[in-house]
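Data first, discussion second: the structure below is written as structure tokens.
The values are calculated or read from the model by the stated rules, or taken from the named source; none is laboratory data. Note that the structure is a prediction, hence the values are computed from the model and not measured. Don't worry about glycine lacking a Cβ; one is built from the backbone with ideal geometry, like all the others, and counts go over all protein chains shown.
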Amino acid sequence: MGFEEACVLQQQLAGQRKQGLVADHLLFVEHPHVITMGRNGRMENLLASAELLERAGIGFHHTDRGGDVTYHGPGQVVAYPIFDLREWKRDVVAYVRGLEQAVLDALADFRITAGRLEGCTGVWAEGKKICAIGVHMSRWVSSHGLALNVDTDLDYFRYIVPCGLTRPVTSMRELGSLATCEEVKARLAEHFAGVFDLDMPAVLETFA
């Protein structure tokens with residue numbers, strides 16, 4: 001799904017969630033090659049001109065999530081939780097830690113040891129970033145979320161300073177895992193349900 005299309009879908013669901021018209025949603029997508037700039041982003045962390053990005057087939061979008069610049073593309077599982085935190089914890093920091101925990105638990109299922117890095121948001125393995133996190137919150141309803149590198153072509157990260165940090169990135173495949181994106185989505189869904197006390201049988205059945 002294209003990034004703009006996914007943003008429109010999130011906005012629609014978030015608006016409905018605020019009104020109590022729909023339940024919580026957990027959206028999984030893979031995007032075509034795109035670089036996104038968060039509301040705290042700095043353009044100097046984008047290392048390529050508009051012309052170069054166009055030639056490389058990479059889109060570019062500003063977005064209202066937190067964080068700096070990041071890349072999305074094939075082989076990367078992007079999760080967009082549309083959650084009403086009034087029914088969990090009204091605590092944005094706890095929410096971000098919960099996102100990290102769901103990823104940590106899923107990676108452990110694939111025998112990848114990962115952790116947090118003090119002062120940095122996201123999930124890290126062997127000193128490299130494997131999952132980026134950037135969220136938006138409106139009236140305690142979340143949107144945007146996380147991007148986990150499963151079998152991502154890491155060469156595309158050369159166009160940016162990922163999340164504004166001069167640290168390397170990695171993927172599950174680079175770390176030796178042969179897991180597919182579908183398998184990773186299934187494990188993430190299960191651990192989201194555990195961390196956020198959610199019942200998501202339809203999601204689990206989808207990836208069974």
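Quick notes
- Residue in region 109-123 that is at pLDDT 95 or above, at positive phi and surrounded by fewer than 20 Cβ atoms within 10 Å (Cβ to Cβ) present: yes
- Region 154-208, residues that are part of a helix (DSSP H, G or I), among the β-branched types (V, I, T) and at pLDDT 95 or above: V184, V195
- Criterion (in contact (Cβ under 8 Å) with a residue 60 or more places away in the chain, under 20 Å from E182 (Cβ atoms) and in contact with a strand residue (DSSP E or B) (Cβ under 7 Å, 6 or more places away or on another chain)) met by exactly one of G145, G134: G145
- Taken over region 74-105, residues that are over 16 Å from the mean Cα position of the chain (by Cα) and surrounded by 17 or more Cβ atoms within 10 Å (Cβ to Cβ) amount to 3.
- Of the residues making up region 8-41, those that are closer than 24 Å to G59 by Cβ and among the polar types (S, T, N, Q) are Q10, Q11, Q12, T36, N40.
- Single unsatisfied condition, A108 versus (1) assigned to a helix (DSSP H, G or I); (2) of a type in the set (G, A, S); (3) under 13 Å from the mean Cα position of the chain (by Cα): (3)
- Restricting R158, R167, R187 to residues that are within 24 Å of P81 (Cα to Cα) and not hydroxyl-bearing (S, T, Y) narrows the list to R187.
- Failed criterion for Y71 (all others in (1) surrounded by 15 or more Cβ atoms within 10 Å (Cβ to Cβ); (2) under 30 Å from D199 (Cβ atoms); (3) of a type outside the set (K, R) hold): (2)
- Which listed residue, of R90, R97, is in a loop (DSSP other than H, G, I, E, B) and out of contact with any His (no Cβ under 7 Å at 6 or more places or on another chain): R90
- Scan of region 175-191 for residues that are under 16 Å from the mean Cα position of the chain (by Cα) and among the β-branched types (V, I, T), ordered by number: V184
- Neighbours by Cβ (under 8 Å, 6+ apart or cross-chain): first from region 176-198, over 25 Å from P74 (Cα atoms) and in contact (Cβ under 8 Å) with a residue 24 or more places away in the chain; second crowded, with 17+ Cβ neighbours inside 10 Å and of a type in the set (S, T, N, Q): V195/Q101
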